[in-house]
Amino acid sequence: MSSKITGMKVKVFIKQAETGQLLAGQRNASLSRSAESIDATSKDSAGNWKESVSGFKEWSIDCDGAFVESDVAFSLLEAAFLNGDKVVAYIEFPSGQKYEGETTITDFSLDLPYDDLVTYSLSLQGSGVLASIAPVV
């Protein structure tokens, strides 16, 4: 039987060599996937209904969290952002299911309020394939 899971059990990792570094303090995350719709309608389309086919796909990860000093994943992101490098990121579910791919950092903000936690927000734009990796059984 399948069971529902809460988002707090799904985590964002930044890949370093062959291992992943958990992004400390991470609170919310979203994985967005979309595909272009290409109009394939022609004069012989059945019943005068429009037709479409799937075109190029794209994906991104957005997340935010509480800033944790000396976090390895945050340091990797900081270096990649400053150097204009890509990073490999993945989202992992409790079952071990992962969505992984190379990304470009498009937003990397810090919020420094006077009377609250220092927080970050991060936007990663996919660059190429988003792999769906099944858990090892």
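The values are calculated or read from the model by the stated rules, or taken from the named source; none is laboratory data. If you're wondering where the values come from, they're calculated on a predicted model, not measured in any experiment. Cβ placement follows ideal geometry from the backbone for every residue including glycine, while neighbour counts extend to all protein chains displayed.
Go through the range 79-100 and give me each residue that's at negative phi and without any contact (Cβ under 8 Å) to a residue 12 or more places away in the chain.
Residues satisfying the conditions are A79, L82, N83, D85.
Of the residues K57, K11, which single one is at pLDDT below 95 and over 17 Å from T106 (Cβ atoms)?
Details: K57 fails: at pLDDT below 95.
That would be K11, the only listed residue that is at pLDDT below 95 and over 17 Å from T106 (Cβ atoms).
What number of residues within the range 103-115 satisfy the criterion of being surrounded by fewer than 16 Cβ atoms within 10 Å (Cβ to Cβ) and not in a loop (DSSP other than H, G, I, E, B)?
Here the count works out to 5.
Checking the structure you have, find out if any residue of the range 27-37 is in a strand (DSSP E or B), without any contact (Cβ under 8 Å) to a residue 40 or more places away in the chain and of a type in the set (D, E).
yes
Which residues, taken from the range 66-96, are modelled with pLDDT of 95 or more, polar (S, T, N, Q) and either surrounded by 13 or more Cβ atoms within 10 Å (Cβ to Cβ) or part of a loop (DSSP other than H, G, I, E, B) (or both)?
S75
How many residues does the range 1-49 contain that are in contact with a helix residue (DSSP H, G or I) (Cβ under 7 Å, 6 or more places away or on another chain) and of a type in the set (S, T, Y)?
Number of matching residues: 0.
When both residues are 6+ apart or on different chains and their Cβ atoms are under 6 Å apart, which pairs have a first residue that lies in the range 1-22 and is within 16 Å of A79 (Cα to Cα), and a second that is of a type in the set (S, T, Y) and surrounded by 16 or more Cβ atoms within 10 Å (Cβ to Cβ)?
F13/Y90
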